[in-house]
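The values are calculated or read from the model by the stated rules, or taken from the named source; none is laboratory data. What you are looking at is a predicted structure, and each value in this text was computed from that prediction instead of being measured. Neighbour counts run over all protein chains shown; Cβ positions are idealised from the backbone, glycine included.
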Amino acid sequence: MAKKAFKAESKRLLDLMIHSIYTQKEIFLRELISNSSDAIDKIYYKALTDDRLTFDKDNYYIRISVDKDNRLLTIADTGIGMTQEDLENNLGVIARSGSFAFKQENELKEDHSIIGQFGVGFYSAFMVADVVTVISKALGSDQAYKWESKGADGYTIEPCAKDGVGTEIILKIKENTEDERYDEFLESYRLRSIIKKYSDFIRYPIKMADSEGQEETVNSMVPIWRKNKSELKDEDYANFYAEKHYGFDKPLKHLHIQADGTVVYRAILFIPEKPPFDFYTKEYEKGLELYSNGVLIMNKCADLLPDYFGFVKGMVDSEDLSLNISREMLQHDRQLKQIAKNIASKIKSLLQSMIKDEREKYEQFFQAFGRQLKFGVYSDFGMNKETLQDLLMFHSSKEKKLVTLDDYVSRMPEDQKYVYYAVGESIERIEKMPKTELVLDKGYEVLYLTEDIDEFALKVLMSYKDKSFKSVSDQDLGIEADAGDDKNEEEEKGQKELFEAMKGLLADKVKDVRASKRLKSHPVCFSTEGEVSIEMEKVLSAMPNNQDVKADKVLEINVHHTVYRSLKDAHEKDQEKLALYTNLLYNQALLIEGLPIEDPLAFTNDICKVMV
Ligand code: ADP
């Protein structure tokens, strides 16, 4: 019988798995029991929806047995079983999930946090066993098969005998080493406590022989979502999160819903600590597990979650859903719509209470998933902006950390008309932007926007609590400039002519050239007119089929700067020089904004000209 090799990537993952992922080896049992439970779920579901099959509850269970002398631990179930093909496909390749292909494409590092997101549950057996044997007979099949592997070097499959449908996983437990004790996994009391800890809520009996050889059920079999909240500790929810593979991180927050109103359902929802590695890609699939009266009917029911809360993990159990319901029918199910609505509002309340009572935790949440909320404001034509606006946070110039719009508006001085914001690549860069000077000098708080989506989201919101948003690049900042600009008429006329001339030189590159009301120490900057800002221009032009949308730029000149004198001189005496200076200043403004210079060579030549 030929030995088959694991696929290359499986082998690498397997090594990582055995040596590093789980610090607690005991969880292998949780993984195997959970697979058994899934397998019984599948046969249970079939029996409930197929009239030809009957389902007698007593025939479905998981049995754990120990053969100390031979160091064997067996996990047997009466689940749906596996065909030869299933054994090959399910146990021969670790990374069946699309996420692995994704990982390779993106050449992500062998990050341990990623591994947990694959279906590697079964392989955890190799943390405690030298040899793993799987004997399985599938529902509807007469022949059983035996799969066997000693770890990374491959596996064999051959026909064998087995009574009844189901699967037996036989582990040859490793010998003790200097720093690891494996014997404990052959001790009945130890195994019981592991089962109690991780698998108590498994819905089928987990049977084990007691000291007299009498078989008894170890788990309480009440699913965690049916238990009373007051009986449960944070740890129980965290265990459930891990057991269900909702994520490899820890849950940041959980929500246990026991709704008995117009819609009756139970739900356990989690906000993960970190986004899954594919969260901000199109590969990511949102959704909750959907149970009908305790039976899993769908792994990822997308309709239960709005996109903007797509990061939420968890499950919903409702009594009134039909088992035979198809995906299409579910979409139109009124009951399900009600539940979804109810869930969305509960999640929002949870987040709001975090803002109030657990600010740091909320900030941590927002760092991870805030982007999704901002997308939520922006997408669907702003349909959900009312729901989401209170949940947004932006970096504040005053607080030097994230603040909510409510924080901002509630401490606005009376004379301040707008909620000011500045957009840039990073906080450091925005802080240095010439055009923020005036607003900051005035003592107003400015929100620093550093993500692509930020400004688009604010544009959709338009205002918060009747205060409109205002970019510091905007022409009219609604701030009275300091008095003391007592220009005489002649002066004003000269300035006007100079700026007209400059505008002529820059042709269609700028909308206008004007004396700046906001600049203090810098000679030049851009401001914009109209809806499109410079940052939006950047984002839009980076899109695949960009429409070449441009911001209407105004070149602002600081008339109190010495550069202005030089401009005036040139305007009076030397038109060529004026053209040179105008171009230089225009290009400087581009650089300050982080926009590309149209002709770098001409620009450097211009600089040389000034130097000579
Ligand atoms: P996951 O459970 O995350 O899919 P595993 O590596 O634990 O990943 O299992 C791989 C697959 O092998 C399962 O999805 C299931 O199809 C099959 N499998 C594992 N254990 C059993 C079992 N006891 N009975 C039937 N099928 C099983």
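Taken together, L48, L14, L32 contain a single residue that is modelled with pLDDT under 85, buried (at least 19 other Cβ atoms within 10 Å of the Cβ) and part of a helix (DSSP H, G or I), which is L14. Tallying residues that are within 14 Å of the ligand (Cβ to nearest atom) and not in a strand (DSSP E or B) within region 139-149 yields 3. Between D512, D548, the distinction of being over 17 Å from A422 (Cα atoms), touching a Phe, Trp or Tyr at 6+ places or on another chain (Cβ under 9 Å) and surrounded by fewer than 20 Cβ atoms within 10 Å (Cβ to Cβ) belongs to D512 only. Scan S322, S397, S318, S379 and give me the residue that is at pLDDT below 95, surrounded by 13 or more Cβ atoms within 10 Å (Cβ to Cβ), among the polar types (S, T, N, Q) and not assigned by TED's automatic domain parsing to the domain that holds L252. Criteria check complete, one pass: S379. Taking every residue in region 170-195 that is farther than 23 Å from D210 by Cβ and in the same structural domain as S65 (by TED's automatic domain parsing) and pairing it with any residue that is of a type in the set (D, E) and part of a helix (DSSP H, G or I), at least 6 positions away or on another chain, the pairs with Cβ-Cβ distances below 8 Å are N176/D183.
Of the residues making up region 215-238, at least one is away from the ligand (no atom under 16 Å from the Cβ), among the acidic types (D, E) and within 24 Å of G79 (Cα to Cα). Taking residues in region 80-103 that are more than 21 Å from D41 (Cα to Cα) and of a type in the set (S, T, N, Q), and partners anywhere that are modelled with pLDDT of 85 or more and away from the ligand (no atom under 12 Å from the Cβ), the pairs with Cβ atoms closer than 9 Å and at least 6 places apart or on different chains are S99/P276; S99/F277; S99/D278; S99/E283. Only one of the numbered conditions (1) part of a loop (DSSP other than H, G, I, E, B); (2) in contact (Cβ under 8 Å) with a residue 40 or more places away in the chain; (3) under 18 Å from R71 (Cβ atoms) is not met by A152, and that is (3). Could you go through region 56-67 and let me know if any residue there is away from the ligand (no atom under 16 Å from the Cβ) and under 21 Å from F28 (Cβ atoms). Within region 56-67 (the criterion being away from the ligand (no atom under 16 Å from the Cβ) and under 21 Å from F28 (Cβ atoms)), the answer is yes, since at least one residue qualifies. Selection within region 168-204: residues that are over 36 Å from the mean Cα position of the chain (by Cα) and within 16 Å of the ligand (Cβ to nearest atom). The member of this set that is nearest to Q84 (Cα to Cα) is E168. Taking the criterion of being closer than 30 Å to E175 by Cβ and within 12 Å of the ligand (Cβ to nearest atom), the residues of region 68-87 that qualify are T74, I75, A76, D77, M82, L87. F270 passes every criterion in (1) modelled with pLDDT of 90 or more; (2) over 27 Å from I40 (Cα atoms) apart from (2).
Counting only residues that are in a loop (DSSP other than H, G, I, E, B) and modelled with pLDDT under 80, which one in region 17-29 is nearest to the ligand (Cβ to nearest atom)? Don't jump to the end; show me each part of the working.
Residues of region 17-29 in a loop (DSSP other than H, G, I, E, B): 22-26.
Filter once more, so that each one left must be modelled with pLDDT under 80: 22-24.
Values: Y22: 13, T23: 19, Q24: 17 Å.
Here the answer is Y22.
Condition first: more than 10 Å from the ligand (Cβ to nearest atom) and of a type in the set (A, V, I, L, M, F, W, C). Now tell me which residues in region 119-138 satisfy that. Passing the criteria: F126, M127, V128, A129, V131, V132, I135. Checked against (1) touching a strand residue (DSSP E or B) at 6+ places or on another chain (Cβ under 7 Å); (2) within 21 Å of I479 (Cβ to Cβ), K517 passes all but condition (1). In this structure, N219 does not satisfy being surrounded by fewer than 17 Cβ atoms within 10 Å (Cβ to Cβ) and without any contact (Cβ under 8 Å) to a residue 60 or more places away in the chain.
Conditions (1) hydrophobic (A, V, I, L, M, F, W, C); (2) in the same structural domain as V524 (by TED's automatic domain parsing); (3) not in a helix (DSSP H, G or I), marked per residue:
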residue	(1), (2), (3)
Y408	no, no, no
D415	no, no, yes
A422	yes, no, yes
R429	no, no, no
E437	no, no, no
L440	yes, no, no
G443	no, no, yes
Y448	no, no, yes
K459	no, no, no
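A single entry from L505, L601, L540 fulfils the requirement of being assigned to a helix (DSSP H, G or I), closer than 30 Å to L458 by Cβ and not assigned by TED's automatic domain parsing to the domain that holds L440: L540. If the requirement is being outside any helix (DSSP H, G or I) and either outside the structural domain of M315 (by TED's automatic domain parsing) or modelled with pLDDT of 90 or more (or both), which of these qualifies: Y204, Y198? One residue alone meets the criteria, Y204.
Only one of E480, E572 is loosely packed, with under 13 Cβ neighbours inside 10 Å and closer than 30 Å to E414 by Cβ. Can you tell me which?
Criteria check complete, one pass: E480.
Could you say whether any residue in region 321-339 is in contact with a strand residue (DSSP E or B) (Cβ under 7 Å, 6 or more places away or on another chain) and within 20 Å of Y241 (Cα to Cα)? The answer is no; no qualifying residue exists. Determine whether K250 is surrounded by fewer than 18 Cβ atoms within 10 Å (Cβ to Cβ), of a type outside the set (S, T, Y) and free of Cβ contacts under 8 Å to residues at least 60 places away in the same chain. The answer is yes for K250.
Quick check on region 515-524. Is at least one of its residues within 23 Å of T404 (Cβ to Cβ) and basic (K, R)?
The answer is no, given that none of the residues of region 515-524 is within 23 Å of T404 (Cβ to Cβ) and basic (K, R).
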